[in-house]
1. Could you please let me know if L319 is within 16 Å of E55 (Cα to Cα) and modelled with pLDDT of 95 or more?
2. Restrict the check to segment 213-230 and report whether at least one residue is open to solvent by 50 Å² or more (accessible area, probe 1.4 Å) and closer than 30 Å to C350 by Cβ.
3. Just to be sure I understand the filter: pairs with C-beta atoms under 9 Å, separated by 6 or more residues or on different chains, first member in segment 22-34 and under 12 Å from S46 (Cα atoms), second member in a helix (DSSP H, G or I). Which pairs pass?
4. Return the pair list, or none, for Cβ contacts closer than 7 Å from residues in segment 152-168 that are free of Cβ contacts under 8 Å to residues at least 40 places away in the same chain to residues that are of a type outside the set (A, V, I, L, M, F, W, C), at least 6 apart or on different chains.
5. For segment 27-46, which positions are polar (S, T, N, Q) and part of a helix (DSSP H, G or I)?
6. Please state which of the following conditions I182 fails to meet, knowing it meets all the rest: (1) closer than 21 Å to I131 by Cα; (2) touching a Pro at 6+ places or on another chain (Cβ under 7 Å).
7. Please find, among D148, D91, D140, the residue that is over 21 Å from the mean Cα position of the chain (by Cα) and modelled with pLDDT under 95.
8. Quick check on this structure: which one of L304, L253 is open to solvent by less than 50 Å² (accessible area, probe 1.4 Å), at pLDDT below 90 and of a type outside the set (S, T, N, Q)?
Amino acid sequence: MKLQEIPEKLRRLRSDYGLKVLLHPEVVRNYLLHEKEKTEKPVVMSSVPWAIEIEMTNRCNLACTQCFRSKGLKPYRLGDMDPANYRQILDQFPSAALIVLNGFGEPMMYPHFFDIVEYTHKARPWAKIGIYTNGMLIDDEKARKMMDCGLTEVSISIDAARPETYRKVRRGGKLDVLHENIRRLIRIKRETKARFPHVGVNFVMVNDNEGELVPFIEQAREMGVDYVNCISMATWDWGFGNRRFEASYRAELTAARKRLDELGMACKSFPGDSFGWADPRRTFDCNFFWGENFRVTYDGNITLGCCTPFAETFTYGNLLDQPFSEIWNNDLFRRNREMAKRGEPPVSACASCDAFCKRFFTAPQIGTG
């Protein structure tokens, strides 16, 4: 690390609860080992995931076009996690440094949400605790509770700059209501002088919102959020028709980077310059079998964080029936890691994910970037 980088590293540590993590060397050791093992990809893991998603509920108040639900890929059972079960699950991850209370549902619909956040903060005071939310249910009462419950990050998914686009992409929501909810949240944060949560907004690039990324960034700046996220929608071949022309895609990203710099906006996630993931010659490669994007469903099942989202589709085991120490290196995990290392999709959903990414751009087909 260069000497001039130290002040910025310390600032980021302070802003992300990182200094508290340093007081727990076992958490740091696991983090470093897990990052190393995700690169080396051993069949048997010595570390455990340091970032976990725990699904409080899989119920939702919207019907977004880019969600599995919009294509009929719904979980067979809808439900909420029992608070006692949550405590049992969290106890099995003493080295967790990032806990995201999400899955395939809207966390603000969970009746025990704030109790769970407060419990998590007390049990893992060093950990970042975040959510992704559509923001439609953040009223004055919820906004004020967010200021002192232990929540460190709130990422609000918008995916549009125009009301008509928002209605089309995030069916059931209203953009003017959402913007007012965000402004209220920012206003209350300033009034209470709260350090947390950091508030960000997300823009997933889909067909319907092409050309709206720059005005989205400008709206985010006007509302006063802490950061923006820009995400490519290169997803699974399960009925999604999202495809972009490479030239317009690159042009939109270039204009967005320029506007972010002009406005001095922080951006936590932004597509890189290389689009190797869309190369038709790319072999299967996925870190999820080693604990990246690691999810526990509301009823305790361990699934991958993306392409096999429902226990009815695929599960590695249930944490309410079997301890994580027995599941993490079980026969199924070891088998799938071996196949993934060879570039072989372990299940059909993985093959479908890989195939669709290769067809993200319409024409001409790109190279490895």
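The values are calculated or read from the model by the stated rules, or taken from the named source; none is laboratory data. Computed from a predicted structure; not experimentally measured. Cβ: placed from backbone, ideal geometry, glycine included. Neighbour counts: every protein chain shown. Heads up: the accessible areas ignore ligands, DNA and RNA and are worked out on the full protein's heavy atoms, side chains in. Shrake-Rupley method; radii C 1.70, N 1.55, O 1.52, S 1.80 Å.
1. Considered against the rule, which asks whether it is within 16 Å of E55 (Cα to Cα) and modelled with pLDDT of 95 or more, L319 comes out as yes.
2. Within segment 213-230 (the criterion being open to solvent by 50 Å² or more (accessible area, probe 1.4 Å) and closer than 30 Å to C350 by Cβ), the answer is no, since none of the residues qualifies.
3. Y31/V21; H34/W290
4. P163/D176; Y166/G173
5. The answer is N30, T39.
6. It is condition (2) that I182 fails.
7. The match here is D148.
8. L304
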